[in-house]
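The block underneath contains the structure these notes are about, expressed in structure tokens.
The numbers here are math on the coordinates, done by the rules we state, and not lab data. Predicted model only: the values in this text are computed from it and were never measured.
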Amino acid sequence: MKEKVSHLLAGNESTHVLYSYRDRNRYLENALAYILQGIEAGDSIVLIENERNLNVLLKQLKGHLTDSQIEKLHVISNFDFYQSSGSYHPPAIYEQLTKTITPYLENDISFRSWTNVEWGSLEDPVSIIEWFETETDRVIHEYNLTIVCAYDSEKMPDRLEEGLKKNHGHIMSDDDILISKVYSKSN
């Protein structure tokens, strides 16, 4: 998978990847490969992840990276990121996204992001998440960013996955990355 990620990123200035994962171990391997490949390429990494996965990833990363390389990793709890307003509220999340990436943009620091999207107890997240992902896609193309948005496929309603394929240029699984056939670039 590392080679596929490298190939994908080498040919694209801006990339919005939907990663619908099934296997947590493969997910962690892919996240680790993405982060390591990014740091090796000279990028900073914005990692928005749940605490359980963060513990595993940080332990593994410390075994692969120097202290100066670890400094290129900006870790954010996905609970804090997505629940910053007390609930899953897209305008607040979008504001959080803007606040997170602005220092990189203002200081011309190359970065990429890996985000594990979770919505807690929200019963029907489809329209809310689709709005946020559409806005994210617009920002990605405006600033030539690379962002992976990961979703646990078991928790994702079918309707949501189909909608997300329309605003992600690439679709990733535990074993592959493909170009989305239904992607519609945001304005």
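Some values worked out for this structure:
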item	result
DSSP bridge orientation in the stretch 2-179 - percent antiparallel, rounded to nearest 5	10 percent
Value at 222 nm in deg cm²/dmol, rounded to 500, when DSSP H runs of n ≥ 4 in the chain each add -39,500 (n - 2.57)	-15000 deg cm²/dmol
Alpha carbon centroid spacing (whole Å) that separates the stretch 1-71 from the stretch 133-187	17 Å
Along principal axes, Cα extents of the stretch 2-179, largest first, whole Å	42, 35, 32
Descending semi-axes in Å of the stretch 129-187, equivalent ellipsoid built from Cα gyration tensor	18, 13, 11
Candidates ASN30, ASN107, ASN55: whichever shows maximal mean-square fluctuation once the chain is modelled as a Gaussian network with Cα springs under 10 Å	ASN107
Under the span-like rule (Cα at least 15 Å along the axis, Kyte-Doolittle mean at least -1.0), DSSP H helices of the chain	24-40, 51-64, 90-106, 126-143
Given LYS155/LYS185; LYS72/LYS165; LYS99/LYS185, the pairs whose alpha carbons are separated by over 28 Å	LYS72/LYS165
